[in-house]
Every structure is written in structure tokens, then in C-alpha cells.
Ligand code: MN
């Protein structure tokens, strides 16, 4: 049996669990809010075209609109100024093999429960590697914070000085990109960066360093508490939008049964 036949057998026998890491697209789901001098990200909108009625007697359908960065979504290198000249940096140009691959999950949920501005640091990565082994090249790395369990205003957690949510330090992202050669980085918050990420050098280091190096981002993920630290497979193909800087998408993880 080849590897794919083995996998198909395991799937049909229920030995592999399919975990959905996606929030439902809904007009109420919060989007990132930038300072008022900047253009803003649109929420999801849905308008009924017909519903088995005079507008279309046998069918129901909707027109939808949203930002490329609404809901659970993918960030392409061209999203950031540092990645504007990266080869194959738009969602329609990224090689398809980037959209399926192994994933490591770093559990920061305890720290994030105590500190809204919790930072993923090189020390935390070193601790994780002491238990789970070195992060392999070309993997996805997800930062679990359980932030996806927050509802309403607690999700963006806006204060007078802007949003407060956990994220990686510049040193942590540099380590993951430059020394581990990761494929991409994902979070449960509205961005790959901390809410206060504008205060780092460079500002928004995850966006700056990931995309400047041709790596990808995933945001607004949910269900990371259902994933093992290692051994799962991530499936995350964005929509094929010409020159698209990102896209809402369905993110799935294949997990060996009993592994999480
Ligand atoms: Mn984005």
C-alpha cells in the first residue's frame, strides 16, 4: 500500500479525526479595528438573492461580501510592505503544496489566561522543544491561547491605548523563521501579532518578518485545544483571488485518533 492508500484506509476506519479550526462567517464576528485615520476591514455581509420564491422558485442563494481579512483567514506575503516584492506572494500565486503540511502547536493558554498581553518568547519555544523535539523545517506553528473562546468585546479587548491580546515577540518570530524555517504562523486572535504589536521593533513583527521572508499567516483560528503538540496535518487553502493579499478559508486539521 502506498502512503495515500494507507491514509484513506485510516480515514475510513475512523483512525484519523478531522478537526475544524474555523469560526463560522457571521456579520457579528469581530474584525480588526485600525486607528481611525486608516482604511478599515469590512465585516461579513450576506444578502438573500432568492429563497424558493418569485425571485427564483426552485433555489436559494446569497450574495456575500467581506474583507480578505475577515473571520478565520489566511495572510499572504503581499499583505505586508515587507513582502510586497516576494515571488509568488499573492494567494493565487502561492504553490498549492503550501496549503497542506505538518503543524506544531505551542500551548500558551495558561499564560494568556493570566495576562492579556502574554508574549510567546524564544524561552517558551526552547521549553516546548525540550519536551517535543526541535520544530522541523517547513512546518506550520500555531500559538494556542484559547482566545477563540472569548465572545463579544472581550475578543478584540480594546482599551484606550488600543487592543490587548497575546502574540509573539520579534525575537520569537525571528527564531521561528530564520532558525527553524517554518512555513507559517497561526493564532486564535484577530492578527498574527499581539494587540499591542505596534510597540515592538519592527512594529507588527510577525507580519513584518513572516511576510518579508515569504511565509504565511493564519488568524482567528479556533479549536486549537483539540490538537496535539505535534503529529497533526494542517489543510488550509485560501480562495484563489487574483493578486489577493489573503482570504477567509476553512482550516482543517487531521489528527491521529487519541493523540490530542
Ligand atoms: Mn490578515
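Entry note, segment 162-260: relative contact order of 25 percent, from Cα contacts under 8 Å with a spacing of 6+ residues. Considering segment 209-260 at the alpha-carbon level, its Rg and Dmax are found to be 13.4, 40 Å. With contacts taken as Cα pairs under 8 Å at a separation of at least 6 residues, the chain carries a relative contact order of 29 percent.
Shown here: segment 1-130, whose C-alpha atoms stretch 64, 56, 38 Å along the first, second and third principal axes, sorted largest to smallest.
Rank the residues 208, 216 as a footprinting-exposure proxy: fewest other Cβ atoms within 10 Å of their Cβ go first.
Working: 208 21, 216 27.
The fewest-first ordering by Cβ neighbours comes to 208, 216.
Based on the Cα gyration tensor of segment 117-190, what are the three equivalent ellipsoid semi-axes, each the root of five times an eigenvalue, rounded to whole Å and given largest first? Spell out each step's value before the answer.
Working: eigenvalues 133, 31, 25 Å².
Value: 26, 12, 11 Å, ordered largest first.
In square nanometres, what is one fourth of the surface area of the convex hull spanned by the alpha carbons of the chain? Intermediate values should be presented prior to the final figure.
Numbers: hull surface 67.0 nm².
Here the figure is 16.8 nm², rounded to one decimal.
With viscosity set to 1.567 mPa s and temperature to 4 °C, compute the Stokes-Einstein D of segment 1-74, Rh being the Kirkwood radius across alpha carbon pairs; µm²/s, no decimals. In µm²/s, the coefficient is 79. Its residue count N sets the reference 2.2 N^0.38 Å, and the alpha-carbon radius of gyration of segment 63-144 equals 1.38 times that reference. Pairwise Cα separations in segment 125-260 fall into 10 Å bins from 0 onward with the following percentages, short to long: 11, 40, 38, 10, 0.
Listed by Cβ neighbour count within 10 Å, with the fewest neighbours leading, 80, 140, 61 appear as 61, 80, 140. Each distinct pair of alpha carbons in segment 185-225 adds a 1/r term; the inverse of their mean, the Kirkwood radius, is 10.5 Å.
Full extension of the chain segment joining residue 2 with residue 45 gains 11.1 nm, where the gain is 0.36 nm per residue of separation less the Cα-Cα distance. What base-10 log of the normalised intensity I(q)/I(0) is obtained for segment 166-242 from the Debye formula, alpha carbons as equal point scatterers, at q = 0.11, 0.26 Å⁻¹? Calculated log10 I(q)/I(0) at the listed q: -0.30, -1.33.
Taking label points 7 Å from Cα along the Cα-to-Cβ direction, residue 24 and residue 132 give a separation of 2.9 nm. Put in line by how crowded their Cβ is, counting other Cβ atoms within 10 Å and starting with the fewest, 227, 11, 175 read 11, 175, 227. Could you check which residue among 12, 169, 192 shows the biggest mean-square fluctuation in a GNM of the chain with a 10 Å Cα cutoff? Checking each option, the largest mean-square fluctuation is seen for 12.
Since every read-out is calculated from the coordinates, none of them should be taken as a lab result. This one's a predicted model, so the numbers in the text were calculated from it and none came from an experiment. Backbone-built Cβ (ideal geometry, glycine too); neighbour counts: all protein chains shown.
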